1. Condition (residue is at pLDDT 95 or above, closer than 22 Å to B:Asp226 by Cβ and either β-branched (Val, Ile, Thr) or not assigned by TED's automatic domain parsing to the domain that holds B:Lys163 (or both)) applied to segment B:363-379: is it met by at least one residue?
2. Only one residue in B:Lys379, B:Lys385 is of a type in the set (Lys, Arg) and buried (at least 17 other Cβ atoms within 10 Å of the Cβ). Which one?
3. Which one of B:Thr55, B:Thr86 is of a type in the set (Ser, Thr, Tyr) and modelled with pLDDT of 80 or more?
4. Examine segment B:17-39 for a residue that is part of a helix (DSSP H, G or I), among the small types (Gly, Ala, Ser) and more than 21 Å from A:Asn146 (Cβ to Cβ), and state whether such a residue exists.
5. I need the full set of residues from segment B:2-50 which are free of Cβ contacts under 8 Å to residues at least 60 places away in the same chain, of a type in the set (A, V, I, L, M) and within 23 Å of B:Ile72 (Cα to Cα), in order please.
6. Can you find a residue in segment B:370-387 that is part of a loop (DSSP other than H, G, I, E, B) and either in contact with a strand residue (DSSP E or B) (Cβ under 9 Å, 6 or more places away or on another chain) or away from chain A (no Cβ under 14 Å) (or both)?
7. Quick one: which of B:Phe288, B:Phe276 is within 24 Å of the chain's Cα centre (by Cα), at pLDDT 95 or above and surrounded by fewer than 24 Cβ atoms within 10 Å (Cβ to Cβ)?
8. Being out of contact with any Leu (no Cβ under 8 Å at 6 or more places or on another chain) and basic (Lys, Arg) is true for just one of A:Arg408, A:Arg400, A:Arg446. Which residue is that?
There are 2 protein chains.
Amino acid sequence: MKRLSIELNKNSEEKYYIQLYEDIKSEILLGNLQVGDKLPSIRQSSIKFKISMTTVLQAYSMLEKYGYIEKIPGKGCFVKKIENFTLEKKVLPLLNTFKYGQYLESSAINFSNGTPPSKYFPLEIYKKLSKDILEKYGASVFEYQNVQGVQSLREVLSEYLEKEDIFVTENEILITSGTQQCLEIVLKLFSENLELTVLVSDPTYPNALNIFQGNCNIRTIELEEDGWNMEKLEEILKHEKIDLVYEVINFHNPTGVVWSDEKRKKLLHLAKKYNFYVVEDDSFSEFFYTGEKPKPLKSLDRINSERVIYIRTFSKTIMPGIGIALMIIPPLLQEKGILAKYGIDTTTSGLNQRILEEFIRENYFPEHISKIKNILKVKYEHMFKILENSKNLKIVIKPRGGFFFWVRILKDINIENFYGKAIEEGISLLPGSTFYNSGKMVPIIRLSFTVPTLTEIEKGIKKIDNLIDEF
Amino acid sequence: MKRLSIELNKNSEEKYYIQLYEDIKSEILLGNLQVGDKLPSIRQSSIKFKISMTTVLQAYSMLEKYGYIEKIPGKGCFVKKIENFTLEKKVLPLLNTFKYGQYLESSAINFSNGTPPSKYFPLEIYKKLSKDILEKYGASVFEYQNVQGVQSLREVLSEYLEKEDIFVTENEILITSGTQQCLEIVLKLFSENLELTVLVSDPTYPNALNIFQGNCNIRTIELEEDGWNMEKLEEILKHEKIDLVYEVINFHNPTGVVWSDEKRKKLLHLAKKYNFYVVEDDSFSEFFYTGEKPKPLKSLDRINSERVIYIRTFSKTIMPGIGIALMIIPPLLQEKGILAKYGIDTTTSGLNQRILEEFIRENYFPEHISKIKNILKVKYEHMFKILENSKNLKIVIKPRGGFFFWVRILKDINIENFYGKAIEEGISLLPGSTFYNSGKMVPIIRLSFTVPTLTEIEKGIKKIDNLIDEF
């Protein structure tokens, strides 16, 4: 019989039987409990977790119902072979982070979130604008909207983008319900290609990997501190047809890399020469803490021979609940993009489109960004200092913006076991393996500094340091 | 040189150059303008449409930019072969309806919309609940939420579904951002099947077709007035592996058919025997105008051998802007469904989930539905009477609920030309061809009665009758 290394969180809003169910399920999916392993009896679990036998029974019944275990009368409960389901191990940490929304905030030190905490969301502005807009437009904002996006929002965005040397009219902007939807649309732009090959950094943003997997061939290339090695890139291009490149050019997730000007130009040059498109995911440009704000790659794209498909979300600069991203698709593919958007969800929230429009038009945006940036900058500098003094951790590349430090553990440990241990100790972070297409088990972690307080940053990193010592 | 049968709408908010661009583009996509055809000169168009030459030039430049025409110096503008883009002709009417949102309302008689008009949306309740919720929960509603959906909303929905004999706990409900997202999730549930075959009614809901196309093989079966012919169905099942059935069991879109009890039971029986799942899209059950409210097929699904994947949107019962649907996935596939939802958009709006929760919990739902139903019932009866007296139109099957009449034109006309002509005359409707997987050109139209006033219904149908006479 297996001992369960599980602890229930008595402060969580989640009911105990659900917690127990989820925890045992995770153990099974992570492979810590294997097919044929026997679970503790209901009585044993009831004693161990200090919960009633009914609660344990409820959890076990759910595990049985969902096909994770089988009850053999007179013998007990055993882990079953999971049919019809192949959860990739490396997705699990990410899913755990999201599964209950951001509930971790209350009970653990949160180094995993990819957005600022809700206390910095522009709640009062949202309330005001929402009220004004419902007065002004009434129920029409709840109808299906222009598929391409509310025209006046696109006009405002077109002006806004000019400041960053992106010159497009409102007709060239497509509004979507978020970055993931933009990536779905990208795939549909090329749905005629029977074999689509996408080249991405290794490591890269896992939700992008998740969307590309199963729909395309994925090729990876190592990321240097100023972008890819362009000779290596051209080698790849000579030997294989690459259709798409996906990259976060500014403050790459997870590494924080900003591409050099020279490499940007070279990338666009090669895109033309080898006939591929570059999907630029521009999520973090606004969040620079030293030097100048980096320009998007899109600003270098040549009119009439466009090679960049530009994506920019407002989930990070405003809040996830705004649910809006913008996309610029080269002219010849634009109509197809609108048709794809129609097929995916017909329209994005009209109310939130109007709110975003006013948020930008009434100039709330610069002040809001600057407020958040000031807060994040302090956390960023604090975490940097503490990491510099850590004995077991080393920053791989010092970023000058974004939300994350990409940190090497100076000890050869199993990163997924370490991740599990950290969670138990009240530290949520993401293991490096989550970001590699191969899922390779390098001893690297991604630490986000957006949510924890200065004290938590200090406490949390000390805890991580100690955990590594004990490992 | 081609004459353009285009008219600009001087009352539209859309700028003239965009209108001209869109109209010429539509002519090209519909095949009325063909490769090599010459457009009128800028001067000619300026005179014809009574707009400045600059405006015409802008429209022509856009057409050139987006690859629809080419300018040959000294000769003029010619329609070009469209590269990299294959818009299906039958999707165009649908896209036109949505392209500018529901702008048609103001200038035309609208028989095409699939939702009640915005004046019946529960605007005041939304305002109140939104205010209460932002007071109570603050910015947390704008964070990423539980991927599966806000737990308390799922609890409320679980109770609500009990009234319709669907017995599921909150753990078995998945919240999504709409019907289309539910269908995307369905596809991902079966992503391991290399060849997925979906069986649908002919005719069927075009957005479902749109999502299945390109991802599955589609098979169709004729719809009789009480469901499919079950002998024919079993013939198909004997000869081919069907993995999924997609159907609107109650008030089928576009025909209004309600399946008989006998055929429902038989369908579930066959689902078990031939190992397929039935995707039940339950969009219209609430909208019955005579007799009893029909039960969902899901209520007949046997626990522990579930065969129904249940989908129910709140876009029609509340409003499109709520952006929420619920899904019940059989237990063994549920985890996969949550993972798919995570991959598509991580979470559905937290604010709107809480609003829906309170909308149901505080019992606004029954009153709201009954109010809308009373209004729609009057329109339904009115349109029925007028159609009964039409000389050129005949209802195919008399529905007892839903939003549409499926109407045969008693004259052999080209339905897409007719559709174009109707649009020009200020009548928006959907040609039958939009609903057939084969796009077949039967002389049938779908007339929605949700938007037009009683007078408009009378006027509109008379106009259609006259148009057919002239055709």
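1. Within segment B:363-379 (the criterion being at pLDDT 95 or above, closer than 22 Å to B:Asp226 by Cβ and either β-branched (Val, Ile, Thr) or not assigned by TED's automatic domain parsing to the domain that holds B:Lys163 (or both)), the answer is no, since none of the residues qualifies.
2. Numbers: B:Lys385 fails: buried (at least 17 other Cβ atoms within 10 Å of the Cβ).
Going through B:Lys379, B:Lys385 in turn, just one is of a type in the set (Lys, Arg) and buried (at least 17 other Cβ atoms within 10 Å of the Cβ): B:Lys379.
3. Numbers: B:Thr86 fails: modelled with pLDDT of 80 or more.
Just one listed residue meets the conditions, B:Thr55.
4. In the first step, residues of segment B:17-39 are kept if they are part of a helix (DSSP H, G or I); the result is B:17-30.
Now narrow it down to the ones that are among the small types (Gly, Ala, Ser): B:26.
If we keep only those that are more than 21 Å from A:Asn146 (Cβ to Cβ) as well, we get none.
Among the residues of segment B:17-39, not one is part of a helix (DSSP H, G or I), among the small types (Gly, Ala, Ser) and more than 21 Å from A:Asn146 (Cβ to Cβ), which makes the answer no.
5. Residues satisfying the conditions are B:Leu4, B:Ile18, B:Leu20, B:Ile24, B:Ile28, B:Leu33, B:Val35, B:Leu39, B:Ile42, B:Ile47.
6. First pass over segment B:370-387, keeping only residues part of a loop (DSSP other than H, G, I, E, B): none.
There is no residue in segment B:370-387 that is part of a loop (DSSP other than H, G, I, E, B) and either in contact with a strand residue (DSSP E or B) (Cβ under 9 Å, 6 or more places away or on another chain) or away from chain A (no Cβ under 14 Å) (or both).
7. Working: B:Phe276 fails: within 24 Å of the chain's Cα centre (by Cα).
Every option except B:Phe288 fails the conditions.
8. Values: A:Arg408 fails: out of contact with any Leu (no Cβ under 8 Å at 6 or more places or on another chain); A:Arg446 fails: out of contact with any Leu (no Cβ under 8 Å at 6 or more places or on another chain).
From the options A:Arg408, A:Arg400, A:Arg446, the qualifying one is A:Arg400.
The values are calculated or read from the model by the stated rules, or taken from the named source; none is laboratory data. Bear in mind that the values here come from a model prediction, so they are computed numbers and not experimental data. Reconstructed Cβ throughout: ideal geometry from the backbone, glycine too, with neighbour counts over all protein chains shown.
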